[in-house]
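Everything below concerns the one structure shown next.
The values are calculated or read from the model by the stated rules, or taken from the named source; none is laboratory data. Keep in mind it's a predicted model, so treat the numbers as computed, not measured. Note: ideal-geometry Cβ built from the backbone for every residue, glycine included; neighbour counts use all protein chains shown.
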Amino acid sequence: MGTSRKDGGGTNRMIERKERKPYWRHTKWQMLASLAPFFAVIIILPLYADRLNSNKFLGFPLGYFLAAHGLVLIAVVTVASFVRQQDAIDHWHGAHEDN
Amino acid sequence: MAILSPSRAVNPRLGSYFGIFLSGFAAIALTSLILQGLGVDLSILSLAMLLGPIALYAGIGIATHASDPLDFFAAGRRVPAFFNGLLLAMSAFGATGLVALTGLFFLIGYDALFVGIGALGGFVVMAVLLAPFLRKFGAFTIPSYLGRRFDSRPLRLATALVAAIPIVMVLSAELRFAAEAAIVLTGWSHGQAFLVLYLVLLVTLVPGGMRSMTWTGVAQSLAAFFAVMVPVIIVAAIVTTMPVPQLTHGPVLRAVGRNEAIQGLPIILPPGMAFDLPGPELQPIMKRFADPFGALGPAAFVLGTLSMIAGVASAPWLLPRLAAAPGVYEARKTLGWATFIFGVAMLTAASIAVFMRDFLMDLIVTPGPAVVPPWLAELAKRGFASITETGTQFTASSISFARDSVLLSLPVAAQLPPMLLDLSLAAVIAGALVAAGAASTALGHILSEDILFGGTWETPHGPVRIHAGRGGIAVAAAAGVLAAAFVMTDPLRVVLCALSICGSALFPVLVLSIWWKRMNAFGAMAGLLTGFLVALLTIAGGQGESAAIPSALAAIIGIPSAVAAIFAVSLATPPPSRHVLQIVRDIRVPGGEILYDREMRTQRLKKLRQLS
């Protein structure tokens, strides 16, 4: 996963001391970027299911479909994008595991 | 001393092994179907459907015995993300999900989603806030993590005692579901069923601790998935011509909705905090399926979701799974798989409920005098349903269903061969064994590591540690069986309360232990105890019918009070030492040596130096 800024060759390389602060700041923003939209959706969406239910999608009442299938999809996408983004952050700051 | 790479080799033949297991399981089911056609006695086949899979699990359990601490307590840290995620999802879903969630969907429709959404959210929160860091730390139990993270033995002991309570609650609930299923299969007494389940837990967990639990658990999860899917896929193929029930129950649901409207099922507008969760007793359906909010009010739905999120994210019987991931990256990926698999399981439960409601509504709207069809008579004979009044025409309130039998009612209502009912029961037992296995192992490790050897940081050397671990698991499973045999509360309520306790007592402490550097051992202790006591008081006060906060939502008061206690006490006491701060800094970075292993290594070196 390519965007490594410094590529140490050692087997037990640790993150550089001065990289720790920027790494953690970056990680915190990623945490907010993953959780804030997710929480907004899972709190707000189920409350409006009633109004959406008059529409249909794949034969489902739309409100029920979004609250069941939709939220599963959103949860999976949230975790998958978090895994990708956070891995990129780890590599960018040289904080990734050695393998 | 050579430093092991933090990422460890994964067995490349896992896929084949579990392919073989699944073929064996399918062979048992198909042989049973053939023998049934040949006229073999049904009770023998049911017994085979119980004992056959158990023999397979036992074989795996014994084959995965372990004598190395890393194998015994963390499955060697080489469980790939998919298998780890499968286990995590199924130990959270368990028999509670299979049996009680399906029943909830059937009885209250949309409102049951709060359980599923909450658990999915719990996995997302676990992935982002906890999983990578706990994996980097690498402790085998949650009390070990908190104790070493804050360098405080009292905290370790207190966490062990607090965490043991929800684990026993969950364990007892799962064993109750398993025992009920075993009784339906065989006609045994409760005592016999609990004894057999205890022996199964022993033989599948004691030989290899976490290692045995992992691989028998994967087998049980696959079996549960397969066995619960087959009947509903057959029903879906009959009703909708498409074998993907999760995605195609839409038109059926609309037909159900139309029939509910014809039947005049009420649209209930409940107060915001209404929390009227159906119990296990026989009862008619309460509300229209797809209409939100009737049994639960909107506020209770949202708060219930949040409470589930906190509980699942910090469940001490789920988090030790992360220590078994091969690396931090794999630990994050584990949660991705867990979310996906839990989502599929939840949608399957919903589709089973919709098909079952379709059978019911079809019967009710059929005009003319009420004729009890053979499948309903069969359900009533088995005690899965009851017909309360037989007037000229069936109504929604004249047929009652037992919440925990809806999953089992589907193959009967669709008039499938009796073998498929046995298969559903085998699914319930397998699902219960996964969750019960995870809970027993977690509690057993806590008992041996944090309570028996909790007085000192030095872990005992040699086989003593493994023997203590085995004893711990045996004691933990016995505690679960005893609790299951003597506590008669609704198991679903027990699980929700257990999650509330975890959410209040552990969630704030665990999250802040990573995300707030200034927190110290006093703050952690205060947060743990405050959250725990507030949750207990709220649960005790929420038992009544008109309580302001239902017991299952105790976390919504517990979490804020725990957070307040952590901040107040941490800021009023001296900041953490440099050593502790260094631990936090290292937890936050995925690269580098696993902290727990580093500590073990320094301990070993110290011992060697003393000897020489």
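The single condition among (1) within 30 Å of B:Leu47 (Cα to Cα); (2) crowded, with 19+ Cβ neighbours inside 10 Å that B:Ile238 does not meet is (2).
Results for (1) at pLDDT 90 or above; (2) over 30 Å from A:Lys21 (Cα atoms), shown as yes or no for each residue.
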residue	(1), (2)
B:Phe507	yes, no
B:Leu510	yes, no
B:Arg518	yes, no
B:Ala524	yes, no
B:Val534	yes, yes
B:Leu537	yes, yes
B:Thr573	yes, no
B:Leu595	no, no
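Does B:Val244 qualify as being among the aliphatic types (A, V, I, L, M) and touching a residue at least 40 places away in the same chain (Cβ under 8 Å)? Considered against the rule, which asks whether it is among the aliphatic types (A, V, I, L, M) and touching a residue at least 40 places away in the same chain (Cβ under 8 Å), B:Val244 comes out as no. Among the numbered conditions (1) over 14 Å from B:Arg77 (Cα atoms); (2) assigned to a helix (DSSP H, G or I); (3) more than 9 Å from every other protein chain (Cβ to nearest Cβ); (4) hydrophobic (A, V, I, L, M, F, W, C), the only one that B:Ala331 does not meet is (1).
Does B:Arg148 meet the test of being basic (Lys, Arg), part of a helix (DSSP H, G or I), farther than 20 Å from B:Met213 by Cβ and modelled with pLDDT under 95? Yes: the conditions hold for B:Arg148. Checking the range B:336-345 against the condition returns no match, with no residue being over 18 Å from the mean Cα position of the chain (by Cα), outside any loop (DSSP other than H, G, I, E, B), in contact (Cβ under 8 Å) with a residue 40 or more places away in the chain and surrounded by fewer than 24 Cβ atoms within 10 Å (Cβ to Cβ). For beta carbons closer than 7 Å, sequence separation of 6+ or different chains, a first residue in the range A:54-77 that is closer than 19 Å to A:Ala36 by Cβ and within 7 Å of another protein chain (Cβ to nearest Cβ) and a second that is of a type in the set (S, T, N, Q) and in a helix (DSSP H, G or I), the qualifying pairs are A:Ala75/B:Thr339; A:Val76/B:Thr339. Taking B:Leu379, is it at pLDDT 90 or above, away from chain A (no Cβ under 13 Å) and farther than 26 Å from B:Gln246 by Cα? Considered against the rule, which asks whether it is at pLDDT 90 or above, away from chain A (no Cβ under 13 Å) and farther than 26 Å from B:Gln246 by Cα, B:Leu379 comes out as no.
Looking at B:Gly437, B:Gly471, can you tell me which residue is in contact (Cβ under 8 Å) with a residue 40 or more places away in the chain, in a helix (DSSP H, G or I) and surrounded by 15 or more Cβ atoms within 10 Å (Cβ to Cβ)?
B:Gly437
Which one of the conditions (1) within 14 Å of another protein chain (Cβ to nearest Cβ); (2) surrounded by 21 or more Cβ atoms within 10 Å (Cβ to Cβ); (3) within 26 Å of the chain's Cα centre (by Cα) does B:Ile514 fail to meet, given that it meets all the rest? It is condition (2) that B:Ile514 fails.
Only residues that are closer than 27 Å to B:Val428 by Cβ and over 22 Å from the mean Cα position of the chain (by Cα) were counted across the range B:57-101, and they come to 4. Checking each residue in the range B:362-384 for being closer than 30 Å to B:Ala26 by Cβ and either within 27 Å of the chain's Cα centre (by Cα) or not aromatic (Phe, Trp, Tyr) (or both) picks out B:Pro374, B:Glu378, B:Leu379, B:Lys381, B:Arg382, B:Gly383, B:Phe384.
Within the range A:78-93, if we keep just the residues that are in contact with a helix residue (DSSP H, G or I) (Cβ under 8 Å, 6 or more places away or on another chain) and small (Gly, Ala, Ser), the residue that is farthest from the other protein chains (Cβ to nearest Cβ) turns out to be A:Ser81. For the range B:577-591, the condition of being within 29 Å of the chain's Cα centre (by Cα), surrounded by fewer than 22 Cβ atoms within 10 Å (Cβ to Cβ) and not acidic (Asp, Glu) holds for at least one residue. Cβ separations smaller than 6 Å between residues 6+ apart or across chains give the following pairs from the range B:593-608 residues that are within 14 Å of another protein chain (Cβ to nearest Cβ) to residues that are assigned to a helix (DSSP H, G or I): B:Leu595/B:Phe137; B:Leu595/B:Asp586. Among the residues of the range B:40-66, those identified as touching a residue at least 40 places away in the same chain (Cβ under 8 Å), of a type outside the set (A, V, I, L, M) and under 17 Å from B:Val196 (Cβ atoms) are B:Ser43, B:Ser46, B:Pro53, B:Tyr57, B:Gly61.
Can you tell me which residue among B:Val196, B:Val203, B:Val168, B:Val232 is β-branched (Val, Ile, Thr), more than 30 Å from B:Asp597 (Cα to Cα) and touching a helix residue (DSSP H, G or I) at 6+ places or on another chain (Cβ under 6 Å)?
Exactly one residue qualifies, and that residue is B:Val232.
Residue count for the range B:349-376, restricted to those that are touching a Phe, Trp or Tyr at 6+ places or on another chain (Cβ under 8 Å), within 14 Å of chain A (Cβ to nearest Cβ) and more than 13 Å from B:Ala396 (Cβ to Cβ): 5.
Is it the case, given these coordinates, that B:Leu322 is in a helix (DSSP H, G or I) and either closer than 25 Å to A:Asn53 by Cα or basic (Lys, Arg) (or both)? Here the answer is no, as B:Leu322 does not meet what is asked. Does B:Ala299 qualify as being surrounded by fewer than 24 Cβ atoms within 10 Å (Cβ to Cβ), in a helix (DSSP H, G or I) and more than 8 Å from every other protein chain (Cβ to nearest Cβ)? Criteria met by B:Ala299. Residues of the range A:40-53 that are more than 7 Å from chain B (Cβ to nearest Cβ), closer than 30 Å to B:Val252 by Cβ and not β-branched (Val, Ile, Thr): A:Leu45, A:Tyr48, A:Arg51, A:Leu52.
Do we find a residue being more than 26 Å from the chain's Cα centre (by Cα), within 11 Å of another protein chain (Cβ to nearest Cβ) and either touching a residue at least 40 places away in the same chain (Cβ under 8 Å) or not in a loop (DSSP other than H, G, I, E, B) (or both) anywhere in the range B:270-292? Yes, the range B:270-292 contains a residue that is more than 26 Å from the chain's Cα centre (by Cα), within 11 Å of another protein chain (Cβ to nearest Cβ) and either touching a residue at least 40 places away in the same chain (Cβ under 8 Å) or not in a loop (DSSP other than H, G, I, E, B) (or both). Here the range B:102-145 is the region considered, the condition is being at negative phi and outside any helix (DSSP H, G or I), and the residue that is nearest to the other protein chains (Cβ to nearest Cβ) is B:Ala139.
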